[in-house]
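Asks: Mind looking over this structure? Questions follow.
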Amino acid sequence: MVAENYRAARDSHKLDLALPDGSQIELFSFPQAPARPTRPEAQGLRHLSFEVHDVQAAADELAAQGIAVEPLRTDEFTGRRFTFFADPDGLPLELYEAAPAEALDALLLKLEGALHLREVRASAVRLEELLDDDFHELGVSGAVWTRAAIVEALRGEAFSLRTMSNFRVLRMASDVALVTYRAHREAIPERPAADSLRSSLWKRRHGRWRMVFHQGTAL
C-alpha cells in the first residue's frame, strides 16, 4: 500500500510504503529543510527512514558489515531509539524503533503530562517537539488555536499546577491514538481553580508520537 503526501507550506513530499510483512518504508524530501537538529528530517535534505523491532541489533549488524553507524540516540520525550548511517552514495538512512504496543498507555500518559509541566510550557523548542506541525486546539473558551498561537500563549501564561485523572487511551489505528481524561487546574492569584474534560489526538510520524488535536470542555 502506498500513501502520498505533499505539504505545500514546507515544500515537502513524502511517500509511505506498507510492506506485506507489516514493515514500513518512508521516502521523503525537504528541499527547504529547517535547521532543526532534533527532528529526523533535519538530518539531510533527503533520507530514508526504516522502522525496526530492535534498533540496537540492527545497528550492530550493520557495524559488523563494516558500515559506519552513528551512536544510538534516545528521544527525550518518547524514549524512541534511533540512529543514522549512510548508503554508498551518501544518502542518510535512519533506523528507528517504535514503542511497543503494550507501553503505549504509559508513553502517552508521560507525553500528555509533559505538556502540563512549567519547564515545557515555557519552552518553544520543547512544545514544538510535542505538538505536530498541523496541531489545532479547540479551547474551553471556544477559541481555536494553531500550534504557533498556542506556543506563544503558553510561554506567556501565569503557570498553574495541573493534575489528570481517569486517563484512557483508545488506539484508533497503528499510528493514531485518542486519549481522554479529567484535568484539574489549581487556583492562583490570576485565576480560580477549574476542572475540565480533555481529549487529545496523538499521531506517530517517523516513530515519534506528537499531538495533532486537543479539546477542552469546562465542567
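The values are calculated or read from the model by the stated rules, or taken from the named source; none is laboratory data. Worth saying up front: this structure is predicted, and the values here are computed from it rather than measured. A quick note on method: Cβ atoms are made from the backbone with ideal geometry, for glycine too, and the neighbour counts reach across all protein chains shown.
Asks: For ARG121, all conditions in the list (1) closer than 18 Å to GLN215 by Cα; (2) touching a strand residue (DSSP E or B) at 6+ places or on another chain (Cβ under 9 Å); (3) surrounded by 14 or more Cβ atoms within 10 Å (Cβ to Cβ) hold save one; what is the number of the exception?
Replies: (2)
Asks: So, ALA193, is that one at pLDDT 95 or above and of a type outside the set (D, E, K, R) or not?
Replies: Criteria met by ALA193.
Asks: Looking at LEU201, LEU131, which is the one that is buried (at least 16 other Cβ atoms within 10 Å of the Cβ), at pLDDT 95 or above and in contact with a His (Cβ under 8 Å, 6 or more places away or on another chain)?
Replies: LEU201
Asks: Could I ask something else about it? Of the conditions (1) more than 14 Å from the chain's Cα centre (by Cα); (2) without any contact (Cβ under 8 Å) to a residue 24 or more places away in the chain, ARG121 fails just one. Which one is it?
Replies: So ARG121 meets the others, but not (2).
Asks: On to the next question. Among (1) out of contact with any strand residue (DSSP E or B) (no Cβ under 6 Å at 6 or more places or on another chain); (2) farther than 17 Å from LEU117 by Cα, which single condition is LEU154 missing?
Replies: (2)
Asks: Within region 129-151, track down each residue that is touching a residue at least 24 places away in the same chain (Cβ under 8 Å) and closer than 24 Å to ASP75 by Cα.
Replies: Within region 129-151, GLU129, LEU130, LEU131, ASP132, ASP133, ASP134, PHE135, HIS136, VAL151 meet the criteria.
Asks: Let me ask you something else. Looking only at strands (runs of 3 or more DSSP E) that lie completely in region 17-90, which have at least 2 residues being at pLDDT below 70 and surrounded by 12 or more Cβ atoms within 10 Å (Cβ to Cβ)?
Replies: 24-29, 46-52
Asks: To continue, here is another question. Please work out which residue is nearest to GLU137 (Cα to Cα), limiting yourself to region 149-199 and to residues that are among the hydroxyl-bearing types (Ser, Thr, Tyr) and touching a Ser or Thr at 6+ places or on another chain (Cβ under 8 Å).
Replies: Within region 149-199, the match that is nearest to GLU137 (Cα to Cα) is SER199.
Asks: While we're looking at this one, here's another question. Among the residues in region 170-192, are any in contact (Cβ under 8 Å) with a residue 60 or more places away in the chain, surrounded by 17 or more Cβ atoms within 10 Å (Cβ to Cβ) and charged (D, E, K, R)?
Replies: no
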